[in-house]
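The values are calculated or read from the model by the stated rules, or taken from the named source; none is laboratory data. Just so it is clear, the structure is predicted and the values come from calculations on it, not from any experiment. Please note: Cβ atoms are built from the backbone with ideal geometry, for glycine as well, and neighbour counts cover all protein chains shown. Accessible surface is based on the protein model in full, side chains and every heavy atom, while ligands, DNA and RNA are left aside. Shrake-Rupley method; radii C 1.70, N 1.55, O 1.52, S 1.80 Å.
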Amino acid sequence: MPSGYGIQLINDKNYVVANTDDVNYTLRSAGQIHNASFAPPFAGSLASSCAINLDDCFAPIVFFKPMNADQRICCMPGDDRDWISPQIPTRKWNRILKWANKNVGAIQYYVFDRWIPPERSAYGLQISNAQGGIIFDSGWNFMKVKSVLWLEPGYPNKNINDPEGGNWTVVGSAGSGNLAMAMPNPRGYIVDGAAWSGTNGYMLYECFHFSDWDNKITVSLVPRGEYLWTAPKSGWANPNTRSQIMVVDVDGLPTNYYDRTIIKGFTS
């Protein structure tokens, strides 16, 4: 909500981007995840995962730069472990999924958060709140949103008989530039044992990657894990939901900045 006093900064779309009340999203962390960070949950599994520790963050959004089909990944919010007990506290982690047979190499990540970075500029503009604390510094690494896409219910259509290839859909181009992408809450898709013979069925989630000079956005599926018992009928787990893709401009941002702890693949 805009302040009743002080200064406001307004962009070319007439949105307030800074005032004396609100904290902007700025870069919290940057680094790389590597193929060695992932581990198949069990021998022969299609799924492979790792986790990024966000315990000290407030409202983090994690962006990635997967630049080819082998790097297609999913980032699921939440701890998402199968077995939780009073001795194992819930953690603020995001689980990252890939196909177990793919080598993702190294993928750049950026974590943006509503926090107060420690840096203070020698010149430029600073804004303080009513308590005298700095909540804006023009030298901070702000999150610059380039575009937001919404995927409507039932789109893209999936081919459950070819889940590793036939489900790919190019949903648009983000344009040229140094960009990163996030799907903050990917949707789940069920493939039952009738479609994948020899299994109890799998739960998969939406994943993404860029390609070509104009950063085409491709959405597909990656497995989270096999059902212990008979899976529900194939299809979207929540068929009436939408999912969102956010694209940000990361040009000029550091590629290593308060790196996150990456936890090797855990139980699936």
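Among the residues of region 133-144, how many are at pLDDT 90 or above and either in contact with an Asp or Glu (Cβ under 8 Å, 6 or more places away or on another chain) or closer than 15 Å to residue 241 by Cβ (or both)?
4
Looking only at region 53-67, which residues are open to solvent by less than 10 Å² (accessible area, probe 1.4 Å) and either more than 16 Å from residue 207 (Cβ to Cβ) or at pLDDT below 95 (or both)?
Result: 54, 57.
Tell me the residue from 249, 214 that is acidic (Asp, Glu), under 18 Å from the mean Cα position of the chain (by Cα) and surrounded by fewer than 19 Cβ atoms within 10 Å (Cβ to Cβ), please. Full working, then the answer.
Working: 214 fails: under 18 Å from the mean Cα position of the chain (by Cα).
Among 249, 214, only 249 is acidic (Asp, Glu), under 18 Å from the mean Cα position of the chain (by Cα) and surrounded by fewer than 19 Cβ atoms within 10 Å (Cβ to Cβ).
Could you please let me know if residue 70 is modelled with pLDDT under 90, closer than 26 Å to residue 45 by Cα and surrounded by 14 or more Cβ atoms within 10 Å (Cβ to Cβ)? Please lay out each step first, then the result.
On the way: modelled with pLDDT under 90: no; closer than 26 Å to residue 45 by Cα: yes; surrounded by 14 or more Cβ atoms within 10 Å (Cβ to Cβ): yes.
No, not satisfied.
Specify the residue that is modelled with the lowest pLDDT; the eligible residues are those in region 1-42 that are closer than 23 Å to residue 99 by Cα and open to solvent by 80 Å² or more (accessible area, probe 1.4 Å).
Within region 1-42, the first condition is being closer than 23 Å to residue 99 by Cα, and the residues that meet it are 31-42.
Still in the running and open to solvent by 80 Å² or more (accessible area, probe 1.4 Å): 34, 42.
Values: 34: 95, 42: 66.
So, considering only residues that are closer than 23 Å to residue 99 by Cα and open to solvent by 80 Å² or more (accessible area, probe 1.4 Å), the one modelled with the lowest pLDDT is 42.
Got at least one residue in region 197-205 being among the small types (Gly, Ala, Ser), farther than 24 Å from residue 56 by Cα, surrounded by 15 or more Cβ atoms within 10 Å (Cβ to Cβ) and at pLDDT 85 or above?
Pass one, region 197-205, residues among the small types (Gly, Ala, Ser): 197-198, 201.
Of the ones still in play, those that are also farther than 24 Å from residue 56 by Cα are 197-198, 201.
Okay, now just the ones that are also surrounded by 15 or more Cβ atoms within 10 Å (Cβ to Cβ), so 201.
Next cut, at pLDDT 85 or above only: none.
No: region 197-205 contains no residue that is among the small types (Gly, Ala, Ser), farther than 24 Å from residue 56 by Cα, surrounded by 15 or more Cβ atoms within 10 Å (Cβ to Cβ) and at pLDDT 85 or above.
Taking only region 219-234 into account, find how many residues are out of contact with any Gly (no Cβ under 7 Å at 6 or more places or on another chain), in contact (Cβ under 8 Å) with a residue 40 or more places away in the chain and farther than 14 Å from residue 99 by Cβ.
Of the residues in that region, 4 qualify.
Among the residues of region 220-233, is any in a loop (DSSP other than H, G, I, E, B), more than 21 Å from the chain's Cα centre (by Cα) and at pLDDT 90 or above?
Of region 220-233, the ones in a loop (DSSP other than H, G, I, E, B) are 227-233.
Then keep just the ones that are more than 21 Å from the chain's Cα centre (by Cα); that gives 227-233.
Checking which are at pLDDT 90 or above leaves us with none.
Checked against the condition, which is being in a loop (DSSP other than H, G, I, E, B), more than 21 Å from the chain's Cα centre (by Cα) and at pLDDT 90 or above, region 220-233 yields no hits at all.
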